[in-house]
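This report concerns only the one structure given below.
The values are calculated or read from the model by the stated rules, or taken from the named source; none is laboratory data. What you are looking at is a predicted structure, and each value in this text was computed from that prediction instead of being measured. Virtual Cβ from ideal backbone geometry, glycine too; neighbours counted across all protein chains shown.
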């Protein structure tokens with residue numbers, strides 16, 4: 001069974017959720033983990049996952065076009081953006097927007113993702129704050145993947161990404177979230193692929209991903225419950 005999932009929830013799925021599903025159902029799940037924008041490219045090339053987890057707006061569009069089962073779309077979690085530093089490095093001040101600006105503009109290099117939801121939102125925030133040219137002139141921009149790797153291998157001294165993705169790199173030190181006034185939350189949902197409607201296994205996986213034990217695993221990995 002094929003599961004397409006945004007990177008933000010990978011840690012929870014890998015550490016807890018999918019193993020529990022396989023042990024209780026006997027069904028194996030093949031996970032494909034990419035930023036939602038990259039998953040959309042896979043679908044455009046003909047990929048057809050049985051279940052998909054991704055940014056809510058993108059899933060709603062896929063449901064409207066018939067690629068996902070509209071009646072199966074369920075809110076799953078939300079996650080904000082945070083900052084990580086190298087292991088043992090002093091924590092930066094994130095207590096206000098001014099403090100965040102000082103941290104970003106004084107950093108030797110800031111790592112962020114080009115295609116991920118957090119990277120797109122961060123690039124827009126830099127422009128809004130008027131510091132895009134200054135930060136980008138020495139930024140470490142990765143195409144996709146976990147930006148905190150850049151603070152563990154010396155390419156950058158700050159990594160910006162969704163909090164759950166920062167936690168995927170255990171050697172990085174997660175400082176905390178952006179100040180609330182400039183925070184950007186990514187809402188995640190889950191749905192069945194249109195061709196998986198009627199599949200007992202896919203329906204079971206959808207139920208498992210939205211059940212209370214899975215939601216507890218998401219919270220432990222740095223995500224929050226979806227808004228009511």
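Yes/no per residue for (1) more than 14 Å from the chain's Cα centre (by Cα); (2) within 21 Å of residue 224 (Cα to Cα); (3) surrounded by fewer than 20 Cβ atoms within 10 Å (Cβ to Cβ); (4) outside the structural domain of residue 152 (by TED's automatic domain parsing):
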position: 6; (1), (2), (3), (4): no, yes, no, yes
position: 9; (1), (2), (3), (4): no, yes, no, yes
position: 25; (1), (2), (3), (4): yes, no, yes, yes
position: 31; (1), (2), (3), (4): yes, no, yes, yes
position: 91; (1), (2), (3), (4): yes, no, yes, no
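Hey, can you tell me all the residues within region 174-228 that are closer than 25 Å to residue 63 by Cβ, at pLDDT below 95 and crowded, with 21+ Cβ neighbours inside 10 Å?
Within region 174-228, 186, 223 meet the criteria.
Could you list, in sequence order, the residues of region 153-167 that are surrounded by fewer than 23 Cβ atoms within 10 Å (Cβ to Cβ) and in contact with a strand residue (DSSP E or B) (Cβ under 9 Å, 6 or more places away or on another chain)?
Within region 153-167, 155, 157, 163, 167 meet the criteria.
Of the numbered conditions (1) over 30 Å from residue 73 (Cβ atoms); (2) surrounded by fewer than 24 Cβ atoms within 10 Å (Cβ to Cβ), residue 111 satisfies every one except a single condition; which is it?
Unmet condition: (2).
Which ranges mark the helices (runs of 4 or more DSSP H) fully within region 140-228 that have 2 or more residues being not assigned by TED's automatic domain parsing to the domain that holds residue 108?
Helices (runs of 4 or more DSSP H) meeting the threshold: 200-209, 212-220.
Of all residues in region 93-116, how many are under 16 Å from residue 134 (Cβ atoms), outside any helix (DSSP H, G or I) and over 23 Å from the mean Cα position of the chain (by Cα)?
2
Look through 75, 49 and report the one residue that is modelled with pLDDT of 95 or more, assigned to a loop (DSSP other than H, G, I, E, B) and surrounded by 15 or more Cβ atoms within 10 Å (Cβ to Cβ).
On the way: 75 fails: assigned to a loop (DSSP other than H, G, I, E, B).
When all the criteria are applied, what remains is 49.
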